[in-house]
1. If you take the beta carbon distance between Glu226 and Phe180 as r and set R0 to 41 Å, what does 1/(1 + (r/R0)^6) give as a FRET efficiency, to the nearest 0.05?
2. Would you kindly state how much longer the chain becomes between Thr311 and Leu195 on full extension, computed as 0.36 nm times their sequence separation minus their alpha carbon distance, in nm to one decimal?
3. In percent, how large is the relative contact order of region 121-341, given Cα pairs closer than 8 Å and 6 or more residues apart?
4. Given the options Asp197, Asp220, Asp188, which has the most mean-square fluctuation in a GNM of the chain, springs set between C-alpha atoms less than 10 angstrom apart?
5. For the chain, what is the per residue volume of the convex hull drawn over the alpha-carbon atoms, in cubic angstrom?
6. Quick one: what does P(r) look like for region 72-137 with 5 Å bins over all Cα pairs, in whole %?
7. Go ahead and run the numbers for FRET between Asp344 and Ser39, Cβ-Cβ distance against an R0 of 41 Å, rounding to 0.05.
8. Which entries of Lys163/Lys364; Lys148/Lys254; Lys208/Lys262; Lys121/Lys148; Lys151/Lys355; Lys69/Lys163 show an alpha-carbon separation above 28 angstrom in the structure shown?
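Readers should treat all values here as calculations from the given coordinates under stated rules, not as data from a laboratory. Since this is a predicted model, take the numbers as computed values, not measurements. Cβ placement follows ideal geometry from the backbone for every residue including glycine, while neighbour counts extend to all protein chains displayed.
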Amino acid sequence: MLITSIELREIRLPLIHFFETSFGRTTERRIILARVADSDGAEGWGECTCGEGPFYSDEWTDPAWATLKEFLAPMSVGEVESAADVYDLMKRVRGHRMAKAAIETACWDLEAKRAGVPLWKYLGGVQTEIPCGVSIGIQDSPHQLIEKIDKEVSAGYQRIKIKIKPGWDVDIVRRVRERFPEIQLMGDANSAYTLNDTPLFQELDQFKLMMLEQPLAYDDMFDHAELQKRIKTPICLDESIKTPADAKHAFALKACRIVNVKLGRVGGHAPAKQVETIARESGIPAWCGGMLESGIGRAHNIAMATLAGFTLPGDVSASGRYWEEDIIEPPVTVSSRGTIAAPDKPGIGFEINIKRIEQLTLRKEVITS
Ligand code: OSB
Ligand code: MG
């Protein structure tokens, strides 16, 4: 296909509720969208999932914008063999995987639309609906957290993830467990601890958490392997897995027993498929992580999560938990059984609400071949 233009837009989207992790609080998203068009008039959309500051990872909105505009978009316009090749087209740029994924995933949407096939089928997905969980941030009080969990459990979500940090960990998990003895529960520390905290994690073992996500440093595998030897709760890596090679290394080291796959963190659908394959062949269950995505990133997550290796409920939930009004139509909804149905329309399978996107746009740039 001949990619004739790549349009970049930055939109601002206020969250309904703030989202707090061990690295900080988010109240409003700054999201970069990529729209790729080909010479036949087909188009595809992708989202850059980086945060507003370099706290989850080193990527954030302003450098992502500059990198997309100056390097990644100019490298990707022109003749492209297939979406599967786009990640490698951008190989000369090191890192910046979330920025790369904006263009790469947009090319997959475009290619699936050209083929007249839903993206999830085009990627090789096999699940017609995906199991869903929710990620609940740190709250102002334990009472507020319990209320939020109650609401999500009642809505049907299959597992609850709570964020933990020093001072909001063992006591909180204990209270949640006492109130909800049977739910599938997990904790995500976003790298807030060190190996010196081993006794705390051994104490958490009694609460039968499904898994503990990224307890130690964001770029570590070695200490996670050591911690996994000392605790019963399975460790799940998030931040540490940036490439298919990282997944291979982490599994070989036994640094985790479960893996969180984020499309942006690994650079797009092609590398995400590789991580999924490695996990499946290694017997490591995978699930789809979230980055507070707008509907576009959310739709891509749904497509990815239909791949066979995604066997656990992910962090992909209803648009209405985040946004007053999403930028896709219809918004993403979740059944009372806690599942999202894979869409049957071509590409990402949702309509783009371009009028709403126009209203939310702060800057726009078009790169042509
Ligand atoms: O660690 O999984 C994470 C959000 C932003 C950055 C990192 C993480 C998260 C979430 C939210 O947990 C998942 C979501 O609901 O999109
Ligand atoms: Mg995480």
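1. Taking R0 as 41 Å, the efficiency between Glu226 and Phe180 is 0.85.
2. Using 0.36 nm per residue and subtracting the Cα-Cα distance, I get 38.9 nm.
3. Relative contact order here is 23 percent.
4. Comparing Asp197, Asp220, Asp188 in the GNM, the peak value goes to Asp197.
5. Taking the convex hull of the Cα positions in the chain, it is 119 Å³ per residue.
6. Calculated over all Cα pairs of region 72-137, the distribution is 3, 15, 23, 17, 16, 13, 10, 3, 0 percent.
7. Computed FRET efficiency for Asp344 and Ser39: 0.90.
8. Pairs exceeding 28 Å: Lys163/Lys364; Lys148/Lys254; Lys121/Lys148; Lys151/Lys355; Lys69/Lys163.
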